[in-house]
Amino acid sequence: MIPHVETLIVGAGLSGLHLAMQLHSSGHSFQLVESRQRAGGRILTDEQSEVDLGPAWFWPAHTNMSKLVQHLSLQVFAQFTQGDGIFQTASGLQRIPQSLTEPSYRVVGGMGKLVDRICQTIPVKSLQIGAALTHVEHQDDQVKATFYSEKQGNFCLLCNKLVLAIPPRIVAKHIKFSPALSTNIVEQWRSVPTWMAGHAKAVLYFDKAHWRTSGFSGFAFSQTGPLAEIHDACTENCAALFGFFGLSADQRRQLSKDELDNLISKQIVSLFGHRPTQIRIHDWAKEEFTSTALDHSSASLHPQYGSHSTSVWDGRVLLCSSECATHHGGYLEGALVSSNQAYRLLIQ
Ligand SMILES: Cc1cc2nc3c(=O)[nH]c(=O)nc-3n(C[C@H](O)[C@H](O)[C@H](O)COP(=O)(O)OP(=O)(O)OC[C@H]3O[C@@H](n4cnc5c(N)ncnc54)[C@H](O)[C@@H]3O)c2cc1C
């Protein structure tokens, strides 16, 4: 017999986890299933150094995030911005006042702590990792979801409500619907860029934060690359900078790790005068549960989110991810806005 759950949430990124936390605390039953071998989705922190490889910041306007970190008793600190920044062009370097950047906050221990704490609020057995949803079928008054996991092969769950806490473009790419959804809906979902899905972060480790002692904040904006935007990423455990690449996913793929490391080291020496002792690169464009080929050349301007359809089969299937949020879409805050929307629809 196929197991039945009231609400099935698929995707244990921030939106799916937050929805699970809310359902559990209000006494509603659910099951949460995640394709990766870990919870967190785009949230990922290097465990040893505590530097974030995905999102690191939230901003004062992100009130749901502020409330959540407080609720989970997490400590936060302001992004380091003391000292000057650097503007790098083909004709040289220019010192710029760091006050040009908006104030932002980081979580002590990294954003992964947010994931750990949320996971502690829900029953262990209600989260299954390592199982990817492949097929969704509308059957009378319920939905049958088929998953594939390496351990179990194909298995199914039945539910009254299915919440896809997955970016719309990933839903359109990986999940088959029976009966098929209209081309219009699938095209809408495919056209929604998954925020930062084509990007990569390089974390640069140092023996000490040399830039701080030389009067620099660690912030640099570069027109020459390979890193386009660099920030201080020091934690209690390490001295570090991180940078977003100016190279596209396709350009990065053509270079080996050694070639990328050499280009980065050269750039960092020219900016701050010291070579990193170690470089870690996390390329989100290579992650099948975050990125598709459409994201590889996506523009870096923040898209307008929240205008596509987020409900099919008379509300039996809901979409819920940061890209579905009516405001702050793409950000961590958007993931919370979206899970709040889904929660209200589920309990009404
Ligand atoms: C490099 C980078 C830097 C960023 N920086 C910031 C920042 O500083 N501040 C900020 O606010 N935001 C930032 N963001 C955006 C932020 O990470 C996202 O808004 C947020 O994490 C989205 O959460 P989500 O739950 O909506 O989606 P996701 O985190 O993408 O979660 C979706 C989940 O669904 C799972 N999944 C996908 N397909 C399936 C399937 N078929 N079956 C089962 N599970 C599936 C995925 O594995 C994933 O766990 C950044 C993102 C990146 C990549």
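The values are calculated or read from the model by the stated rules, or taken from the named source; none is laboratory data. Computed from a predicted structure; not experimentally measured. Methodologically, a virtual Cβ is constructed for each residue, glycine included, from the backbone with ideal geometry; neighbour enumeration extends over all protein chains shown. Areas reflect the complete protein model, heavy atoms only, side chains present, ligands, DNA and RNA absent. Shrake-Rupley method; radii C 1.70, N 1.55, O 1.52, S 1.80 Å.
Selection of the range 303-342 for residues being in contact (Cβ under 8 Å) with a residue 40 or more places away in the chain, part of a loop (DSSP other than H, G, I, E, B) and under 15 Å from the mean Cα position of the chain (by Cα) yields CYS320, SER321, HIS328, GLY329, GLY330, TYR331.
Would you mind stating whether ASP314 is among the acidic types (Asp, Glu) and open to solvent by less than 60 Å² (accessible area, probe 1.4 Å)? So ASP314 does not fit the description; no. Note on the range 173-235: enclosed strands (runs of 3 or more DSSP E) holding 3 or more residues that are in contact with a His (Cβ under 9 Å, 6 or more places away or on another chain) and buried (at least 16 other Cβ atoms within 10 Å of the Cβ) are 200-206, 216-222.
Against the definition (over 18 Å from HIS174 (Cβ atoms) and buried (at least 20 other Cβ atoms within 10 Å of the Cβ)), how does GLY329 come out, yes or no?
Working: over 18 Å from HIS174 (Cβ atoms): yes; buried (at least 20 other Cβ atoms within 10 Å of the Cβ): yes.
Yes.
If you go through the range 332-348 and keep only what is in contact with a helix residue (DSSP H, G or I) (Cβ under 6 Å, 6 or more places away or on another chain) and either surrounded by fewer than 23 Cβ atoms within 10 Å (Cβ to Cβ) or farther than 16 Å from THR63 by Cβ (or both), you end up with ALA342, TYR343. Taking the criterion of being open to solvent by 30 Å² or more (accessible area, probe 1.4 Å) and farther than 17 Å from ALA335 by Cβ, the residues of the range 38-55 that qualify are GLU47, GLN48, GLU50.
Taking the range 81-143 and the strands (runs of 3 or more DSSP E) fully enclosed by it, the elements with 3 or more residues that are in contact (Cβ under 8 Å) with a residue 24 or more places away in the chain are at 84-89, 105-107, 131-139.
Scanning the range 283-302 for residues that are open to solvent by less than 40 Å² (accessible area, probe 1.4 Å), in a loop (DSSP other than H, G, I, E, B), within 12 Å of the ligand (Cβ to nearest atom) and of a type outside the set (Gly, Ala, Ser) gives THR290, THR292.
Specify the residue that is farthest from ALA12 (Cα to Cα); the eligible residues are those in the range 148-171 that are open to solvent by less than 10 Å² (accessible area, probe 1.4 Å) and part of a strand (DSSP E or B). Going through the qualifying residues, I end up with CYS159. In contact (Cβ under 8 Å) with a residue 60 or more places away in the chain, touching a strand residue (DSSP E or B) at 6+ places or on another chain (Cβ under 6 Å) and more than 16 Å from the ligand (Cβ to nearest atom) - does that describe any residue in the range 179-192? No; the residues of the range 179-192 include none that is in contact (Cβ under 8 Å) with a residue 60 or more places away in the chain, touching a strand residue (DSSP E or B) at 6+ places or on another chain (Cβ under 6 Å) and more than 16 Å from the ligand (Cβ to nearest atom).
If you filter the range 19-37 down to residues that are open to solvent by 20 Å² or more (accessible area, probe 1.4 Å) and near the ligand (Cβ under 8 Å from one of its atoms), you find that the one that is farthest from PHE58 (Cα to Cα) is SER35.
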